[in-house]
Amino acid sequence: MTEFIGYPIWWGGAAWLANHFVTDRDFISKKVILFAASSSSPLGSSGSDLATMIGTGDWQEGQRLSSNASAGEVLSWVESLDL
């Protein structure tokens, strides 16, 4: 099973809401694909921080999307994942 988790980036870190969300879920035997929207901040260590916090699941490298990304850009990224 694949689970997408999207969250806002605050200075390279996931917003506290994302931290709370992932600690309440079970990621055993799941592929986790992260994405974030930001107008300027990079993903930083947000993805690895979330993966370390949980310790289970197959966490994939995340994708930062521009805060004004078009539907076509998002679709192109999702299709590139070859799910």
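Throughout, read-outs are computed from the coordinates displayed, never taken from laboratory work. Here the structure is a predicted model, which is why all the values come from computation and not from measurement. A quick note on method: Cβ atoms are made from the backbone with ideal geometry, for glycine too, and the neighbour counts reach across all protein chains shown.
Values for this structure:
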item: Vicinal HN-Hα couplings computed from phi for region 17-23 (Karplus, 6.51 cos²θ - 1.76 cosθ + 1.60; Hz; Gly/Pro x); result: 4, 5, 4, 5, 4, 5, 6
item: For region 38-49, Karplus couplings with θ = phi - 60° (6.51, -1.76, 1.60), whole Hz, Gly/Pro x; result: 7, 7, 8, 6, x, 4, x, 9, 4, x, 5, 5
item: In the chain, the chymotrypsin sites (Phe, Trp or Tyr not before Pro) that fall in loop regions by DSSP, at most 16 other Cβ within 10 Å; result: W11
item: Helix-derived mean residue ellipticity, 222 nm - over the chain, DSSP H n ≥ 4, -39500 (n - 2.57), to 500; result: -9000 deg cm²/dmol
item: At most 10 other Cβ within 10 Å, DSSP loop - GluC sites (Glu not before Pro), region 23-83; result: E61
item: Cα-projected label distance for F4 with S40, points at 7 Å along beta-carbon direction, nm; result: 2.8 nm
item: Per-pair calculated FRET efficiency, R0 = 25 Å: L83 and M53 via Cβ, rounded to 0.05; result: 0.55
item: Other-chain or far-sequence residues with amide H under 5 Å of A37's (modelled H); result: Y7, I9, L65
item: Rough spin-label spacing in nm, given labels placed 7 Å along Cα→Cβ, for K31 and E73; result: 2.4 nm
